[in-house]
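Report on the structure given below.
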């Protein structure tokens, strides 16, 4: 089946979809993006994703080409033209096409692209046995709260993880605190408390992360948003969250086991809470 993309007001077969080589997203990575999951036609927190997209646009001084409500309608139309049962919808907005100068003489019209693909999900083996990670000193820019398309650091992190035979790379600050992964958030279970770095400019506040924390608190789990390290006593589990992974155990870091080296009870509990939440949402 040919995938259909949305590009600046047009629905086109993916192989025919094009943007200019002078688009500032290509020339400068001058743009932002969002990724949202859709399960059987039900979007996971679509409004929250679009509001975060609008915030990212505002933070870089980029005017949204459509309102949140208008963009929501276009996202739904794009999904309907592809109809993948469990889908990953990618949205990208760049500052648009202009001659290659750092500050264009005139504000160009933004470029909006939306694509739909099958949602990549962790294998049964990963769910059963857990994922692995490596840690890296954080060499990214200082505005990780903006969902920028400038993802070279994340690509480099993923490459180093793959070279080490791991699934994900996790960034450490100068004090050794765990921030987040290259494309995930991360939480630890420390003395039975779900612990994660606070949502500030050093991490991207994930939508799945926020849902998991909310569900955990509602289920009576103690939650603490604070800087934490892998060396803390009482640390028994690590769990990464993302649109594609939901909540997934990280059982080894830098070759060393976390806890007993197996997915733990908190991960199983959080994963069930999240998947139950998704299943029972009629309109998400």
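The values are calculated or read from the model by the stated rules, or taken from the named source; none is laboratory data. These figures come from a predicted structure and were not determined experimentally. With ideal geometry, Cβ positions are generated from the backbone for all residues, glycine too; neighbour counts draw on all protein chains shown.
Hey, could you check segment 12-40 for residues that are exposed (fewer than 15 other Cβ atoms within 10 Å of the Cβ) and in contact (Cβ under 8 Å) with a residue 24 or more places away in the chain and say which is nearest to residue 150 (Cα to Cα)? Among residues in segment 12-40 that are exposed (fewer than 15 other Cβ atoms within 10 Å of the Cβ) and in contact (Cβ under 8 Å) with a residue 24 or more places away in the chain, the one nearest to residue 150 (Cα to Cα) is 29. Right, residue 270: closer than 15 Å to residue 209 by Cβ and assigned to a strand (DSSP E or B) or not? No: the conditions fail for residue 270.
Is it true that residue 253 is surrounded by fewer than 21 Cβ atoms within 10 Å (Cβ to Cβ) and either touching a strand residue (DSSP E or B) at 6+ places or on another chain (Cβ under 8 Å) or in the same structural domain as residue 36 (by TED's automatic domain parsing) (or both)?
On the way: surrounded by fewer than 21 Cβ atoms within 10 Å (Cβ to Cβ): yes; either touching a strand residue (DSSP E or B) at 6+ places or on another chain (Cβ under 8 Å) or in the same structural domain as residue 36 (by TED's automatic domain parsing) (or both): yes.
Yes.
Of the listed requirements (1) over 25 Å from residue 49 (Cα atoms); (2) in contact with a helix residue (DSSP H, G or I) (Cβ under 9 Å, 6 or more places away or on another chain); (3) buried (at least 19 other Cβ atoms within 10 Å of the Cβ); (4) without any contact (Cβ under 8 Å) to a residue 60 or more places away in the chain, residue 266 misses just one: (4). Within segment 121-148, the set of residues being within 19 Å of the chain's Cα centre (by Cα) and closer than 19 Å to residue 37 by Cβ comprises 121, 122, 123, 126, 127, 131, 147.
Can you tell which of 273, 248 is touching a helix residue (DSSP H, G or I) at 6+ places or on another chain (Cβ under 6 Å), under 22 Å from residue 36 (Cα atoms) and touching a residue at least 60 places away in the same chain (Cβ under 8 Å)? Don't jump to the end; show me each part of the working.
On the way: 248 fails: touching a helix residue (DSSP H, G or I) at 6+ places or on another chain (Cβ under 6 Å).
Just a single option satisfies the conditions, and that option is 273.
Matching residues to (1) touching a helix residue (DSSP H, G or I) at 6+ places or on another chain (Cβ under 9 Å); (2) more than 25 Å from residue 137 (Cβ to Cβ); (3) in a loop (DSSP other than H, G, I, E, B); (4) assigned by TED's automatic domain parsing to the domain that holds residue 44:
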| residue | (1), (2), (3), (4) |
| --- | --- |
| 194 | yes, yes, no, no |
| 201 | no, no, yes, no |
| 211 | yes, yes, no, no |
| 216 | yes, yes, no, no |
| 221 | yes, yes, yes, no |
| 230 | no, no, yes, no |
| 262 | yes, yes, yes, no |
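May I ask you to list the residues in segment 70-120 that are surrounded by fewer than 19 Cβ atoms within 10 Å (Cβ to Cβ), within 17 Å of residue 2 (Cα to Cα) and more than 17 Å from the chain's Cα centre (by Cα)? Result: 77, 80, 81, 83, 84, 85.
If we only count strands (runs of 3 or more DSSP E) wholly inside segment 3-64, which ones have 3 or more residues that are in contact with a helix residue (DSSP H, G or I) (Cβ under 8 Å, 6 or more places away or on another chain)? Quick ask: steps written out before the conclusion?
Working: elements: 4-7, 10-13, 31-39.
Ranges flagged: 4-7, 31-39.
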